[in-house]
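The values are calculated or read from the model by the stated rules, or taken from the named source; none is laboratory data. Small disclaimer: the values here were computed from a predicted structure and weren't measured. Here the Cβ positions follow ideal geometry from the backbone for every residue, glycine too, while neighbour counts run over all protein chains shown. Quick note on the areas: whole protein, heavy atoms, side chains included, nothing else; ligands and nucleic acids left out. Shrake-Rupley method; radii C 1.70, N 1.55, O 1.52, S 1.80 Å.
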Amino acid sequence: MCRHLGWLGEAVSVSSLVLEPPNGLLVQSYAPRRQKHGTMNADGWGVGFFDGDTPRRWRGAAPLWGDSSFASVAPALASTCVVAAVRSATVGMPIDVSAAAPFTDGRWLLSHNGVVDRSVLPADSGAESVVDSALLAALIFRRGLDQLGPTIAEVGAADPLARLNILAGNGCRLLATTWGDTLSMLRRPDGVVVASEPYDDHPDWEDIPDHHLVDVHDGTVTVTAL
Ligand code: GLN
């Protein structure tokens, strides 16, 4: 399982979300606290953020902790919507930058924590990588994010062993699913964080139950069962 984090709110620095928290994605890349599958996330990383309506990505195929260029620039990158991830590659999957989340269709940034049997997914020549997560992302983009819940339920039924925690943002909306792995949410005065695990020990973190959909937009948060 990888670990991911999303932000929707006022403009904050990427560094304040990913690098600075005591148990942020940087620390989760080598010492996650709640990861059930895998012990570290050293097979790449990706940070996506919205620059106006434009999604921009900075990804790497090596461990996040070794990227001094990203650490240098991240404090100067601010955004109102961020989707970031560190990766623990599933056995048999490629390890290169195109396999690192977030994936994009030009409007959404999307990360997947988990694993899915690729034979239950339609082949997609438009997918960015042959990694299971990229094929799943392509399916979700094609169906539309408004159909995220039904799409996940359908894929979960086709592959009962699948773990399908999705996190997606489009600049004004964040969506996340729980299907087999952990997810927590922090409502801050300046916005909402949704993350595979809390980045600190603040008492306001809420755990999202399994098989749920989180939808954040226009200052509201809804959590519904899938
Ligand atoms: N299956 C995906 C990959 O190989 C995601 C892995 C994960 O969540 N650890 O990258």
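A few comments on the model shown:
- Rounded to the nearest 10 square angstrom, residue 204 shows an accessible area of 80 square angstrom against a 1.4 Å probe.
- Measuring nothing but protein heavy atoms, the accessible surface of the chain at 1.4 Å probe radius is 53 percent carbon and sulfur.
- For segment 103-226, size of Cβ-based charge dipole, Lys and Arg +1, Asp and Glu -1, in debye: 400 debye
- Placed amide H near residue 211: partners under 5 Å, 5+ positions off or other chain: 178, 179, 180
- P(r) weight above 28 Å for the chain, C-alpha pairs, percent: 19 percent
- Take residue 68: with every protein chain present and a 1.4 Å probe, its accessible area is about 90 Å².
- Computed on protein heavy atoms with a 1.4 Å probe, the accessible areas place 88, 72 in the order 72, 88, largest first.
- Accessible area per residue, Å², the chain with all protein chains present, probe 1.4 Å: 40 Å²
- The figure for residue 212 is an accessible area of roughly 40 square angstrom, using a 1.4 Å probe on the protein chains alone.
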